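Remarks on the structure that follows.
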Amino acid sequence: MAKIINKTKKIHTSKEKPISSEIKITSTKFIKGVVGDDSILASDIPQIAFIGRSNVGKSSLINALTNSKISRTSSFPGRTQEINIFLINESYYLVDLPGYGFARASGLGREKIGELIDSYLFNSIYNQKRIVLIIDANVGMTERDITMYQELVHHEKDFIIVANKIDKMTQAEYHKKMTELKKLVGESRVIPFSTKKRKGIEALTDEIFS
Ligand SMILES: Nc1nc2c(ncn2[C@@H]2O[C@H](COP(=O)(O)OP(=O)(O)OP(=O)(O)O)[C@@H](O)[C@H]2O)c(=O)[nH]1
Ligand SMILES: [Mg+2]
């Protein structure tokens with residue numbers, strides 16, 4: 001696959017980039033779950049959206065960032081079926097999206113979920129301040145992840161990649177997988193992460209609020 005450079009990546013000088021997180025999340029509120037268009041998505045409050053394969057840990061990551069249990073998680077894929085919106089510090093929306101790529105017998109089917117995600121991210125007037133594309137560090141980029149990555153680049157979205165579940169790997173596997181990942185995503189920023197071991201939280205917090 002051809003290497004794609006994320007042109008929207010921001011370059012920070014050491015002066016601009018805080019060494020440690022200056023933002024602390026002090027309040028988190030669930031606002032609502034929406035399926036499709038909703039005026040809340042057009043509000044002026046900046047949105048940070050979390051996207052990735054079903055079961056990759058999007059909801060867990062929102063809980064880790066906010067140090068809460070506000071977003072429902074599950075060991076079964078397909079838990080999140082709506083676009084769930086959380087207000088943090090009374091000033092940002094964290095947007096927890098359903099996962100892509102999982103065929104489920106009940107609830108919204110895979111196609112409908114795909115349409116819901118695409119219409120929010122790409123076919124609407126809605127604008128995200130930042131998108132966090134979460135992949136499973138152990139599995140690497142699946143075809144669906146690569147398609148999503150290419151769409152984000154194509155639509156010139158401001159995004160970063162989080163490689164979650166690094167706690168499940170040995171050091172050797174970690175280095176191998178991270179090298180493979182960097183080859184695929186060029187200069188896009190990748191943050192190694194574990195919601196379980198609470199690794200990468202500060203780096204991600206700095207990145208999404210910068
Ligand atoms: N080992 C490990 N497990 C994790 C990590 N993050 C999440 N998980 C587990 O992965 C499973 C799925 O987590 P969720 O946060 O519900 O995943 P999701 O991406 O929101 O899934 P959907 O809502 O179905 O799209 C749960 O069993 C979590 O405990 C991690 O960093 N390490
Ligand atoms: Mg979820």
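The values are calculated or read from the model by the stated rules, or taken from the named source; none is laboratory data. All figures in this text were calculated on a predicted structure; none of them were measured in a lab. Glycine gets a Cβ as well: all are built from the backbone with ideal geometry, and neighbour counts include every protein chain shown.
When you go through (1) out of contact with any Asp or Glu (no Cβ under 8 Å at 6 or more places or on another chain); (2) at pLDDT below 90; (3) surrounded by fewer than 16 Cβ atoms within 10 Å (Cβ to Cβ) one by one for GLY101, which number turns out not to apply?
All conditions pass for GLY101, except number (3).
Filtering the range 154-174 down to residues that are within 15 Å of MET141 (Cα to Cα) and of a type outside the set (Lys, Arg), which residue is surrounded by the fewest Cβ atoms within 10 Å (Cβ to Cβ)?
GLU173
Take the range 67-84 and flag every residue that is more than 10 Å from ligand 2 (Cβ to nearest atom), more than 23 Å from GLU111 (Cβ to Cβ) and in contact with a strand residue (DSSP E or B) (Cβ under 9 Å, 6 or more places away or on another chain).
ASN67, SER68, ILE70
So, in the range 63-86, of the ones that are more than 6 Å from ligand 1 (Cβ to nearest atom) and either closer than 18 Å to ILE166 by Cβ or among the acidic types (Asp, Glu) (or both), which residue ends up surrounded by the fewest Cβ atoms within 10 Å (Cβ to Cβ)?
Once the filter is applied, the top-ranked residue is GLU82.
Any idea which of LEU87, LEU61 is at pLDDT 95 or above and assigned to a helix (DSSP H, G or I)?
Result: LEU61 is the single residue among LEU87, LEU61 that is at pLDDT 95 or above and assigned to a helix (DSSP H, G or I).
Quick test for you: out of ARG130, ARG144, ARG189, pick the one residue that is out of contact with any helix residue (DSSP H, G or I) (no Cβ under 6 Å at 6 or more places or on another chain), in contact (Cβ under 8 Å) with a residue 12 or more places away in the chain and within 20 Å of ILE62 (Cα to Cα).
Residue meeting the stated conditions: ARG189.
Which number in (1) surrounded by fewer than 20 Cβ atoms within 10 Å (Cβ to Cβ); (2) among the hydrophobic types (A, V, I, L, M, F, W, C); (3) part of a loop (DSSP other than H, G, I, E, B) marks the one condition that MET141 misses?
(1)
Would you mind telling me which numbered condition in (1) within 12 Å of ligand 1 (Cβ to nearest atom); (2) at pLDDT 90 or above SER43 fails?
Among (1) within 12 Å of ligand 1 (Cβ to nearest atom); (2) at pLDDT 90 or above, the lone unmet condition for SER43 is (1).
Please find, among VAL132, VAL185, the residue that is of a type outside the set (Gly, Ala, Ser), within 16 Å of ligand 1 (Cβ to nearest atom) and within 16 Å of the chain's Cα centre (by Cα).
VAL132
Looking at this structure, is LYS196 within 16 Å of ligand 2 (Cβ to nearest atom) and part of a loop (DSSP other than H, G, I, E, B)?
yes
crowded, with 19+ Cβ neighbours inside 10 Å, out of contact with any Gly (no Cβ under 8 Å at 6 or more places or on another chain) and part of a helix (DSSP H, G or I): which single residue out of ILE113, ILE208, ILE131, ILE146 fits that description?
Testing whether each residue is crowded, with 19+ Cβ neighbours inside 10 Å, out of contact with any Gly (no Cβ under 8 Å at 6 or more places or on another chain) and part of a helix (DSSP H, G or I) leaves just ILE208.
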